[in-house]
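Here the structure comes first, spelled out in structure tokens, and everything after it is commentary.
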Amino acid sequence: MVSKRVVQGSAERERLAELAGEASAAAALADAPGQAASDLTAAAFFDVDNTMMMGASIFHFARGLAARKYFKNSDLVGFAWQQLKFRVGGRENPQSVKESREQALSFVAGRSVAEIISLGEEIFDELMADKIWAGTQALAQMHLDAGQRVWLVTATPVELATIIARRLGLTGALGTVGENVDGIYTGRLVGDLLHGKAKAHAVRALAAQEGLDLRRCTAYSDSVNDVPMLSVVGTAVAVNPDSGLRETARKRGWETRDFRTARKAARIGVPSVLGVGAVAGLIAAGVAWRRGRW
């Protein structure tokens, strides 16, 4: 029998996911440049990490911050360990999502929005521009050429996601929204991370605002965690899929595109920025960090 506490916890997570989705859609529309589209009822939605970009965008951002002495290298190792667990583990659990949420907040608490945007612009040029999958970018361009709007959908902070979208010539981005007061981040999220069900809520909210027919829309992702988003559109495409999504795509008849090579990505989806040799070292470093040896 399911306990009352479990039911309440599930309902609260759903409420936060819906709030995160609505906040993300509002932020996306506020930041979008009003890009013209001739096909007004269809759009494409692209996940970012390992779908549009090799590796995790927030990890690239963290590397840039570490290089600028925003935090210690040992903090970066801890963050990388969380990213590795997230990628390898497939489905998340509430505790890992809570840890990811707390890490996301630690990046920006007390910083100004303008500062984070400026850093994001610099770090994209330094560490992200050459990590874009050419094949996925071509898919996005195909939708743009068809007169459709193209949105990124990611757990990455919406400011960083918007920078990536703008640099790629896309319509805009749905991302995690951090609360700010007078342009300073409070260290709290509006709702939750834009992850899992929250992405589906964001896509629905944006579609309602923009008058999109979701049956005519397409979504792309590499992760089984994005099945909720992939399931709300008419066409779902698995790009560089992890094992869970590959199996789901097979069962549901979804198209699969894989732009990886054996040298650039392991089948389990380890962030390709790390490289094969670095993965083993990172795992060892992560274990040491979790045991308090740092």
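Coordinate-derived values only; no laboratory data. This one's a predicted model, so the numbers in the text were calculated from it and none came from an experiment. Every residue, glycine among them, receives a Cβ derived from its backbone with ideal geometry; neighbour counts consider all protein chains shown.
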Net charge of neighbours whose Cβ lies under 11 Å from the Cβ of Ile184, counting Lys and Arg as +1 and Asp and Glu as -1: -2
Normalised per residue, the volume of the convex hull around the Cα set of segment 118-163 (Å³): 86 Å³
Length-normalised contact order of segment 145-243 in % [C-alpha pairs under 8 Å, at least 6 apart]: 19 percent
log₁₀ of I(q)/I(0) at q = 0.15, 0.24, 0.28 Å⁻¹ - segment 190-236, Debye sum with one point per alpha carbon: -0.35, -0.84, -1.05
Extension reserve of the Asp125-Ala109 stretch, reckoned as 0.36 nm per residue once the Cα distance is removed: 3.4 nm
Once the Cα gyration tensor of segment 115-237 is diagonalised, semi-axes √(5λ) in Å: 24, 19, 13
